[in-house]
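The values are calculated or read from the model by the stated rules, or taken from the named source; none is laboratory data. These numbers were taken from a predicted model, which means no experiment stands behind them. Positions of Cβ are generated from backbone atoms using ideal geometry, with glycine treated the same way; all protein chains shown enter the neighbour counts. Calculation scope for accessible area: heavy atoms of the full protein, side chains included, ligands and nucleic acids excluded. Shrake-Rupley method; radii C 1.70, N 1.55, O 1.52, S 1.80 Å.
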Amino acid sequence: MSTLRKEAYTIINKVLTKNLFSDKLLTQMSKRLREAGENADLLYLLVKGVIKMRNNLDYVIGQYTDPGKWNNTALKIKILLYLGFYQLLYVDSVPDHAAVDETVELAKKLFNAKVGDFCNAVMRAYLRKPQIV
């Protein structure tokens, strides 16, 4: 599992739950990632993109989940799907299978297999039928 995606998740979670600004968090984390030989550019892309496109991502994901359940899904789980769907929809450099696999692995590591299965099911439903109404 990618350290980068875990860090992106952590930053997005802090921004959305604690109203922190992403810039300072990104600067600190990108320095550590670069020292570890990771691509900090992808970190910026994921964090800024998810924050900017959150409402659109919410709408798209809502097309592939039960609307009542999705509205009541915990934000910490929604953030996983925001990250995964952002990669599917907007990041051409990340293959679809990698976006799904990384999201599922992150879900299992942060939460449990049930959350991983949920993320897998929603993302694969989109890949099977990517039409959005």
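Summary table
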read-out	value
Residue satisfying condition, being modelled with pLDDT under 95 and in a helix (DSSP H, G or I), within set 88, 33	33
Positions within the range 3-34 being touching a residue at least 40 places away in the same chain (Cβ under 8 Å) and open to solvent by 20 Å² or more (accessible area, probe 1.4 Å), in sequence order	5, 6, 13, 16, 17
The listed residue being farther than 26 Å from residue 114 by Cβ and of a type in the set (Asp, Glu), out of 41, 58, 66	41
Search result, residues across the range 92-120 that are assigned to a helix (DSSP H, G or I), out of contact with any Lys or Arg (no Cβ under 8 Å at 6 or more places or on another chain) and surrounded by 13 or more Cβ atoms within 10 Å (Cβ to Cβ)	96, 98, 99, 101, 104, 105, 107, 108, 117, 118, 119, 120
Answer residue from the range 62-85, given it is loosely packed, with under 13 Cβ neighbours inside 10 Å and of a type in the set (S, T, N, Q) and is modelled with the highest pLDDT among those	72
First in the range 35-54 and over 15 Å from residue 6 (Cβ atoms), second anywhere and open to solvent by 70 Å² or more (accessible area, probe 1.4 Å) and part of a helix (DSSP H, G or I), Cβ under 8 Å, 6 or more apart	49/90; 53/90
From 81, 57, residue being assigned to a helix (DSSP H, G or I) and under 18 Å from residue 3 (Cα atoms)	81
Qualifying residue in the range 37-48 (condition: crowded, with 19+ Cβ neighbours inside 10 Å and within 18 Å of residue 109 (Cβ to Cβ))	yes
